[in-house]
């Protein structure tokens, strides 16, 4: 058949792209526009082989072979088939298992069945050499594509290069159409223009060694984080420079850290009142988790979780969602939601606010900032877990991701609240 097929080793393609653009092969260092990347692969394959495309096979690893957000996006694209191997962790490093074997099997099967006349291989692994040779013996032309190496040298098996019929290099110009390096702005950088108080929390690590200095500054009237620009108190910043560490090895302060300083995320600054009064006592502990807010130890009202009856009765998204909406939500999750933690929080909040019929519910929720009520927060985190945001070693969502999920949630709630109160002429 006069058609071409593209077999992509995603680990090679994206790892080499990360090395080229970010200086290291970690895929977490790059962002990928998968739609643009797939379209680029298709156009390049059809131009190089002078054959119409039959299909692009995307081979990648995933923990327990569970599709991750990018795999969900890819597998619903036209002419794209996703094949997943296992992703296992050993000695602190992730390794793919079964990807090479799956590529080898697909390569030989396509050639044996004469399903195509040309096969494009985007890989550098010499383990595919037997499959490449077998394909050639069945009369298939094999095109080997490389990603431009960061050091200008080969990043492919020399035996693979020697055996291929044709070889092309995807250079920096081609790669950057769909891939770019992430800017290192912090351990948990939210999207542009987030709620100032949340931005301050996410960007202001407070090491334990800085607690005493910051508390002393608080007694002198200089404890508040400037929510307008997200800066830290000078004493805390200086201590951070000295220690270069954060509480428990984390890059963001926990609610307990904030409570120990006697202030909440919406601290008063420049003489302006905070968005929500913290009302914290020396014995209070602030939690962003699904169980408690500012709660006196041994106390609590309402449902026993420190919530008022009005807050405890807020409807969940499931209660607000019809069967038709549930189907549409799942379709959106599969096709358009990327799975970024901040984005996940925004999507969940948007659906919740669009479906409530009583604006009083939105007002009750807004007064709870920065704490998300128990039932809604639990539902939010379960929703986020669908997008592969679990840390697989303990089936818990990473702490930085939890901060970003909730930051995205409150950013969307703020946008809706602002729209509710905007003058009619705005």
Shape call for segment 4-181 from the C-alpha gyration tensor, a ≥ b ≥ c root eigenvalues: rounded (a/c under 1.5), prolate (a/b greater than b/c) or oblate? rounded
Exposure proxy ranking, count of Cβ atoms within 10 Å, fewest first, for 324, 70, 46: 324, 46, 70
In which sequence would 19, 117 go, from the one with the fewest C-beta neighbours within 10 Å to the one with the most? 117, 19
Which of 166, 158 has the fewest Cβ neighbours within 10 Å, and the rest in rising order: 158, 166
Classify segment 313-373 as rounded, prolate or oblate from the Cα gyration tensor: take a ≥ b ≥ c as the square roots of its eigenvalues, call it rounded if a/c is under 1.5, otherwise prolate when a/b beats b/c and oblate if not. oblate
Cα centroid of segment 53-124 to Cα centroid of segment 398-414, whole Å: 32 Å
From the Cα gyration tensor of segment 30-81, with a ≥ b ≥ c the square roots of its eigenvalues, which class applies: rounded if a/c is under 1.5, or else prolate if a/b is larger than b/c, or else oblate? prolate
Cα centroid separation, segment 26-48 to segment 343-360 (Å): 33 Å
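Each value in this text was obtained by applying a stated rule to the coordinates, not by laboratory testing. Keep in mind that this is a model prediction, so the values were computed, not measured. Here the Cβ is made from the backbone with ideal geometry for all residues, glycine too, and neighbour counts use every protein chain on show.
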